[in-house]
1. May I ask you to list the residues in the range 330-353 that are touching a strand residue (DSSP E or B) at 6+ places or on another chain (Cβ under 6 Å), assigned to a loop (DSSP other than H, G, I, E, B) and surrounded by fewer than 24 Cβ atoms within 10 Å (Cβ to Cβ)?
2. Take the residues in the range 40-62 that are at pLDDT 95 or above and closer than 20 Å to residue 111 by Cα; name whichever of them is farthest from the chain's Cα centre (by Cα).
3. Have a look at 180, 149 and point out the one that is in contact (Cβ under 8 Å) with a residue 60 or more places away in the chain and either under 30 Å from residue 99 (Cβ atoms) or surrounded by fewer than 19 Cβ atoms within 10 Å (Cβ to Cβ) (or both).
4. Which of the following residues is surrounded by fewer than 17 Cβ atoms within 10 Å (Cβ to Cβ) and within 30 Å of residue 172 (Cβ to Cβ): 197, 266?
5. Got a number for residues in the range 13-58 being crowded, with 21+ Cβ neighbours inside 10 Å and assigned to a loop (DSSP other than H, G, I, E, B)?
6. Does residue 262 count as in contact (Cβ under 8 Å) with a residue 60 or more places away in the chain and either over 26 Å from residue 290 (Cα atoms) or within 17 Å of the chain's Cα centre (by Cα) (or both)?
7. Kindly list the number of the only condition in (1) buried (at least 20 other Cβ atoms within 10 Å of the Cβ); (2) under 20 Å from residue 143 (Cα atoms) that fails for residue 10.
8. Going through the range 81-111 one residue at a time, which ones are outside any helix (DSSP H, G or I), touching a helix residue (DSSP H, G or I) at 6+ places or on another chain (Cβ under 8 Å) and either touching a residue at least 60 places away in the same chain (Cβ under 8 Å) or crowded, with 16+ Cβ neighbours inside 10 Å (or both)?
């Protein structure tokens, strides 16, 4: 069986879960053609990501000339289907937060995808994210391309379902994947009951190589916490800084590592300075997966005070490394993390509740944290084995018309 994967940007430091899924499918005998809009020139630090760059066809690599040529060529090749797809692009642009010119560009990208697939035929194309990547593969299908599916991660699809025309994307898809039961419920909201059977849950997963064959690192003696994630509004780092300021004011010792980088770094650094936390908080910038692992193992617990999510892979990584987590009751997180068993759950945006949870982490006996870590590891292995989840996806792909 040969399929294509279509992603906006690949590889990417925050998209390692897509790479793991592709490789797990390939281990199960599925040949995967990688297609992305961009990413051929982006610096990547992971050696596997560097290898993936060489395996990926990039739609935008030939620039505007390539897109226009593909658009004109497809219009000549299949004029009736092209007019249907053009009408679909116009319809989807209505109510969108982007003008028609963007959707015309998506149509040109779909034409470029089909031009590539004529030389690398596949029976199905799967996109990640229900945003413009799902629109491109939908338009490609209307142009006469293979059946498509997509994985909706959230939170963007759930924040903007009307603007993204989520209903039309689902109704035209062979199937749609959600990464949690919560995510599936949000997709249910936008289509009729007759379409519900085509929406399935396939979790993001971890490879056994990430956690097998190594003894769990003992909890560090230092009161060290780590938050792993892009420095952005949805991850809640500003609330975390408010919470640790309360700890400092109460005389509670701690060290906090913010592992990541992003568009809100200037605001994060400003708040660190404003609260005089320079000696307590460190920002690493972008780091590769091995350094993320080391930061998790060097911490007493992982903290992720998100405002909006799908189901963060880094929570799985912390738990399988036997580190309890402190996180929020948003989206699919409570399906994995159980209060008092695997970690602590707090209401999003509540700095006081977050501070109290961190106090419990920092004051807990090591034996209690170790027991929570062992339970966390068992739960992740049972629910998020990438080979098990990829087998579910393979079954869906095999059933695709």
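The values are calculated or read from the model by the stated rules, or taken from the named source; none is laboratory data. This one's a predicted model, so the numbers in the text were calculated from it and none came from an experiment. Ideal geometry is used to build each Cβ from the backbone, glycine not excepted, and the neighbour counts take in all protein chains shown.
1. 348
2. 61
3. Of 180, 149, the one residue that is in contact (Cβ under 8 Å) with a residue 60 or more places away in the chain and either under 30 Å from residue 99 (Cβ atoms) or surrounded by fewer than 19 Cβ atoms within 10 Å (Cβ to Cβ) (or both) is 149.
4. 197
5. 1
6. The answer is no for residue 262.
7. (2)
8. 96, the sole residue that qualifies.
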